[in-house]
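Report on the following structure.
The values are calculated or read from the model by the stated rules, or taken from the named source; none is laboratory data. What you see is a predicted model; the values in this text were computed from it and never measured. Backbone-built Cβ (ideal geometry, glycine too); neighbour counts: all protein chains shown. Surface accessibility is based on the protein's heavy atoms, side chains included, excluding ligands, DNA and RNA. Shrake-Rupley method; radii C 1.70, N 1.55, O 1.52, S 1.80 Å.
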2 protein chains.
Amino acid sequence: MFKALGNPHRLLIFQRLSRCCQPGTRCDLEAAIRFSVGELGEGMEIAASTLSHHLKALHHAGLIEMERQGKQINCWIDPAVLEKLSGFFDPQTEFENIGGCDVR
Amino acid sequence: MFKALGNPHRLLIFQRLSRCCQPGTRCDLEAAIRFSVGELGEGMEIAASTLSHHLKALHHAGLIEMERQGKQINCWIDPAVLEKLSGFFDPQTEFENIGGCDVR
DNA sequence: TCGATAATTCGACATATTTCGAAATGTAGA
DNA sequence: TCTACATTTCGAAATATGTCGAATTATCGA
């Protein structure tokens, strides 16, 4: 997961998807902010194929979810992933691997 | 920082240093667990030069502190780094760059 | 069915990363 | 001062990553 976040383009994509709810609100899967692949690439000077490659890496790492919605593919972050990641840096929390996460 | 944590050896080193205090205890700089370079490499089948290289990368990323203590060099994590990193994954927290952190 | 739009797969290439061993540096103790 | 120990610096080599353009797949609407 950290390897996936270690690339500037992928980190930016992840950050765009991270702002999943308004301040004072609690995040849930339904409220999770969603962007299509094309929208995520806006402002990033990167070829479509490269963008696709990065999204695949993020998904493969278990960081983002993807689902086709008509012509486009929507991406979002499961709030549980954010909680797990946050907990990783808390010495009091015991870290466990997350579902779709690709561990070698 | 995530790029630095993205390597399995470096992540292991970071995790060893992360358990900075006992459950129920609050972490502080004094209580931070410290390991020498040699101790950190124990059990990792890696050349000393490679270990040194990884430690340098972690330090350069602002993840660990290093200080010579006689013949050896001690390493530890500033608890503030753990809090910052934890906060990065909290949508309610505004993330700011940390002191020694190397941003490009 | 055909064309347009959205995204992915593939192959190629330049650049980065990981790793090692040999040599160098810094420190403590005999 | 000389030696042993701990660690770093310096190339060099193998492997991995990031990037692109061209071709392909999937879906919608005329």
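Just to be sure I understand, how many residues within region B:1-15 are closer than 14 Å to B:Lys56 by Cβ, facing chain A (nearest Cβ under 8 Å) and in a helix (DSSP H, G or I)?
Taking region B:1-15 as the starting set, the residues that turn out to be closer than 14 Å to B:Lys56 by Cβ are B:3-4, B:7, B:9-10, B:13-14.
From what is left, the residues that are facing chain A (nearest Cβ under 8 Å) are B:3-4, B:7.
Still in the running and in a helix (DSSP H, G or I): B:3-4.
Selection size over region B:1-15: 2.
Inside region B:44-90, can you point out the residues that are without any contact (Cβ under 8 Å) to a residue 24 or more places away in the chain, part of a loop (DSSP other than H, G, I, E, B) and either more than 11 Å from chain A (Cβ to nearest Cβ) or open to solvent by 30 Å² or more (accessible area, probe 1.4 Å) (or both)?
Matches in region B:44-90: B:Glu45, B:Ala47, B:Gly70, B:Lys71, B:Asp90.
Being modelled with pLDDT under 95, over 19 Å from B:Lys3 (Cβ atoms) and not acidic (Asp, Glu): is that true of A:Cys20 here?
yes
Would you check which residues across region A:1-20 are open to solvent by less than 20 Å² (accessible area, probe 1.4 Å) and either out of contact with any strand residue (DSSP E or B) (no Cβ under 7 Å at 6 or more places or on another chain) or small (Gly, Ala, Ser) (or both) and list them?
Residues of region A:1-20 that are open to solvent by less than 20 Å² (accessible area, probe 1.4 Å), as a first pass: A:2, A:4-6, A:13-14, A:17-18, A:20.
Selection gives A:Phe2, A:Ala4, A:Leu5, A:Gly6, A:Ile13, A:Phe14, A:Ser18, A:Cys20.
May I ask you to list the residues in region B:51-62 that are touching a helix residue (DSSP H, G or I) at 6+ places or on another chain (Cβ under 8 Å) and either of a type in the set (Lys, Arg) or within 11 Å of DNA strand D (Cβ to nearest atom) (or both)?
Quick first cut of region B:51-62, residues touching a helix residue (DSSP H, G or I) at 6+ places or on another chain (Cβ under 8 Å) only: B:51-52, B:54-55, B:57-58, B:60-62.
Across region B:51-62, the qualifying residues are B:Leu51, B:Ser52, B:His54, B:Leu55, B:Ala57, B:Leu58, B:His60.
Given (1) near DNA strand C (Cβ under 10 Å from one of its atoms); (2) within 11 Å of chain B (Cβ to nearest Cβ), identify the lone condition not met by A:Val37.
(2)
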